[in-house]
1. Which one of Asn236, Asn181, Asn216 is under 25 Å from Phe89 (Cβ atoms) and either assigned by TED's automatic domain parsing to the domain that holds Leu142 or loosely packed, with under 14 Cβ neighbours inside 10 Å (or both)?
2. What is the number of the single condition among (1) part of a helix (DSSP H, G or I); (2) within 25 Å of Lys145 (Cα to Cα); (3) at pLDDT 95 or above that Leu284 does not meet?
3. Scan the stretch 185-198 and report the pairs whose first residue is surrounded by 14 or more Cβ atoms within 10 Å (Cβ to Cβ) and whose second residue is acidic (Asp, Glu) and outside any helix (DSSP H, G or I), with Cβ atoms within less than 9 Å and a gap of 6+ or a chain change.
4. I'd like to verify a number: residues in the stretch 244-287 that are surrounded by fewer than 16 Cβ atoms within 10 Å (Cβ to Cβ), closer than 24 Å to Thr182 by Cα and of a type outside the set (A, V, I, L, M, F, W, C), how many?
5. Hey, does the stretch 243-263 have a residue that's more than 23 Å from Ile173 (Cβ to Cβ), among the hydrophobic types (A, V, I, L, M, F, W, C), part of a loop (DSSP other than H, G, I, E, B) and more than 21 Å from the chain's Cα centre (by Cα)?
6. Of a type outside the set (Asp, Glu), under 17 Å from the mean Cα position of the chain (by Cα) and either loosely packed, with under 15 Cβ neighbours inside 10 Å or outside any loop (DSSP other than H, G, I, E, B) (or both), is that true of Ile204?
Amino acid sequence: MIYTLIKKTIYGYILLSIMLLFFCISCKNNAKITGNTLFFDTIRIDETQPQPLGNGDSNDYFSCHLSINFTYPNVYNDQDKLQKLQSAFIECVFSMKYAGLSPQQAVDSFRIQYVKDFQCEKFTDKDYDLEDETGFQYHLSLGNKITYNRDNLVSFLVENESFEGGAHGAHSIFGYVINLNTGEYITEDSFAGTNYKKNISDIIIEKIAEEKDINNPEQLEDIGYNNISDIVPNGNFTIDEKGITYYFNEYEIAAYFIGITKVFIPYEELKSFIADDDNPIATLANK
């Protein structure tokens, strides 16, 4: 009986030791990626403003539709940095003109200005298909979303879709990454070195060709892309836990019908450029 008790005790210690070892290893691994104390709120607007045709004698109207979905930082453990972050988000979404305002003031001011600009436009029935109520609509859809918020980094995407007459509307996407330690934007040279254009260009071109199911990247020029030598890192990117996504907007590297080109590069393929421990995204690449 004593032998059995000793045996159980030894097994218990062994099991406990294994569990503690596993726990320590897990803690060590998880400690590499930490959550930020940065939290967000969202302001939403979805409204339509009518505008009479011509000089107001007609019963027909154009419509101005504005949709805003603005996500901004509203809680952080450093109030000074929080204000700086809010200004950065406002500037990226609405322009520098509104950066000195609070998030709600920025949204309200932008809305008022947008409607005012619309009301100053001079529309006639020639601009409008009277047989189709949706034949013309002056509209803007503007918003942003967070793609990463960990390890002292926050990344977000700003999307803009608008139509103000003409053959077609316009679409754009802009990505941003901010180092919360410094409050500064992450740039390519900070994670891929001063030779980042040479280091990343070939990867981007190969990814685009792969997405289009093309074996020879030069054949991209046959389907609407510009000279492939002009396809280089453009500073327009976001990050997440898996990699970096680049965005090339309409007309930037290809004809309009190609649309926005998105290029995802896994960290695994960038490790040789971001191995430095002081690199702001080294933790993500080497986890």
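The values are calculated or read from the model by the stated rules, or taken from the named source; none is laboratory data. Just so we're clear, the structure is a prediction, and the values are computed from it rather than from any experiment. So basically every Cβ, Gly included, is an ideal-geometry build from the backbone, and we count neighbours across all protein chains shown.
1. Details: Asn236 fails: either assigned by TED's automatic domain parsing to the domain that holds Leu142 or loosely packed, with under 14 Cβ neighbours inside 10 Å (or both); Asn216 fails: under 25 Å from Phe89 (Cβ atoms).
Exactly one of Asn236, Asn181, Asn216 is under 25 Å from Phe89 (Cβ atoms) and either assigned by TED's automatic domain parsing to the domain that holds Leu142 or loosely packed, with under 14 Cβ neighbours inside 10 Å (or both), namely Asn181.
2. The one condition Leu284 does not meet is (3).
3. Ser190/Glu184; Phe191/Asp276; Gly193/Asp276
4. Selection size over the stretch 244-287: 6.
5. So the first thing to find is which residues in the stretch 243-263 are more than 23 Å from Ile173 (Cβ to Cβ), and the list is none.
Scanning the stretch 243-263, I find no residue that is more than 23 Å from Ile173 (Cβ to Cβ), among the hydrophobic types (A, V, I, L, M, F, W, C), part of a loop (DSSP other than H, G, I, E, B) and more than 21 Å from the chain's Cα centre (by Cα), so the answer is no.
6. Working: of a type outside the set (Asp, Glu): yes; under 17 Å from the mean Cα position of the chain (by Cα): no; either loosely packed, with under 15 Cβ neighbours inside 10 Å or outside any loop (DSSP other than H, G, I, E, B) (or both): yes.
Spelling it out, it is not the case that Ile204 is of a type outside the set (Asp, Glu), under 17 Å from the mean Cα position of the chain (by Cα) and either loosely packed, with under 15 Cβ neighbours inside 10 Å or outside any loop (DSSP other than H, G, I, E, B) (or both).
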